[in-house]
Amino acid sequence: MIDIKQIHHVAYRCKDAKETVEWYQRYLNMDLLVCIAEDKVPSTKEPNPYMHVFLDAGMGNILAFFEITGEKEMSRDLNTPLWVQHIAFQLEDEKALVAAKKELEEKGLDVVGVTEHGIIRSIYFFDPNGHRVELTCVTGNQEQMKGLKEIAPKMLEEWSRTKTPPRQTAWLHEKEFA
């Protein structure tokens, strides 16, 4: 039986590895852990020079990027709205989230939010590659989280049948929170 312990890393493409590392160091205080560069893809042996960088995202989590020189210039999935694909990092609490928003704005980033999601609050901005980044803090209690987990299978089944949003979690975005 497969027994996953955690995500080792999530990898994205970047336009410029050095610029990307410096951005994540400057704005999110991530340390550069490892760089791997090859002329060929290890798994397929196809020629495709790349630089693969790994950044410390805290608590054993790693964020990785590939700069690839043997492919067309990177773009995003143009059939997917900008808000869908994103990288989300959890902060300790709402005080840390508000402080992060202030710090990022003082450093010149355009930040959207604080956005209320009922059980979390989030801010959003873009890295130099066009990847949307979210910083979030959990505000929901254990009872709310347990209830959401319990109704998840039923909601998924309803969505699968109807392709219409089930209403069980509408409360998350229906009221304004202070």
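Where a number appears in this text, it was derived from the coordinates with a stated rule and is not lab data. Every value quoted in this text rests on a predicted model; they were computed, and no experiment measured them. We place every Cβ from the backbone using ideal geometry, glycine too, and count neighbours over all the protein chains shown.
When the square roots of the Cα gyration tensor eigenvalues are ordered a ≥ b ≥ c, the ratio a/c for the chain is 1.5 or more and a/b exceeds b/c, which makes its shape prolate. Measure out, as a whole number of angstrom, how far apart the alpha-carbon centroids of the stretch 17-74 and the stretch 110-161 sit. Their Cα centres are 27 Å away from one another. Loop-located trypsin sites (Lys or Arg not before Pro) in the stretch 90-164 (DSSP state other than H, G, I, E, B) with a sparse environment of at most 12 neighbouring Cβ atoms within 10 Å: K107, K163. Rounded to the nearest 5, the antiparallel percentage of DSSP beta bridges internal to the chain is 70%. When the pairs K5/K107; K5/K45; K40/K149; K15/K163; K5/K146; K18/K101 are compared against a 31 Å limit on Cα-Cα distance, K5/K107; K40/K149; K15/K163 fall above it. A dipole drawn for the stretch 90-172 from +1 and -1 charges on Cβ atoms has a positive end, and of V98, V112, Q168 the residue lying farthest that way is Q168. Compared with the dominant Cα axis of the chain, that is its longest principal axis, helix 17-28 is turned about 40°. Dipole size of the stretch 86-138 about its Cα centre, with +1 on Lys/Arg Cβ and -1 on Asp/Glu Cβ: approximately 40 debye, rounded to the nearest 20.
Let a ≥ b ≥ c be the square roots of the eigenvalues of the Cα gyration tensor of the stretch 86-138; is it rounded (a/c under 1.5), or, if not, prolate (a/b larger than b/c) or oblate? Verdict is oblate for the stretch 86-138. Please give me, ordered by residue number, the GluC sites (Glu not before Pro) of the stretch 43-77 that lie in loop per DSSP and have at most 12 other Cβ atoms within 10 Å. Passing both the DSSP loop test and the Cβ count: E71, E73. Here the simple spin-label model places points 7 Å from the Cα toward Cβ, and for H8 and E92 these points are separated by 3.1 nm. The calculated FRET efficiency for the pair E73 and K18, based on their C-beta separation and a Förster distance of 22 Å, comes to about 0.85. Only Lys, Arg, Asp and Glu carry charge here, each on its Cβ (+1 for the first two, -1 for the last two); on that basis the chain has a dipole of about 500 debye about its Cα centre.
Relative to the longest principal axis of the Cα atoms of the chain, the long axis of helix 142-162 lies at roughly 80 degrees. Taking T44, T80, T69 as the candidate residues, the one with maximal mean-square fluctuation in a Gaussian network model of the chain, Cα springs under 10 Å, is T44. Mind running the shape call on the stretch 52-154? Use the C-alpha gyration tensor, a ≥ b ≥ c as the square roots of the eigenvalues: rounded below 1.5 for a/c, prolate if a/b tops b/c, oblate otherwise. In terms of gyration-tensor shape, prolate. Under the combined filter of DSSP loop state and at most 15 neighbouring Cβ atoms within 10 Å, the stretch 22-56 retains these trypsin sites (Lys or Arg not before Pro): K45. Can you compute the charge dipole magnitude of the stretch 9-68 about its Cα centre, using +1 on each Lys and Arg Cβ and -1 on each Asp and Glu Cβ, nothing else charged? Give it in debye, rounded to the nearest 20. In total the dipole reaches around 120 debye.
Beta bridges from DSSP with both residues in the stretch 9-68: antiparallel share about 75 percent, rounded to the nearest 5. In this label model, R161 and K102 are separated by 5.0 nm, measuring between points 7 Å along each Cα→Cβ vector. Between V112 and Q25, the FRET efficiency from the beta-carbon distance, with R0 = 35 Å, is close to 0.95.
Here the gap between I119 and A170, fully extended at 0.36 nm per residue and compared with their Cα-Cα distance, gives a gain of 17.2 nm.
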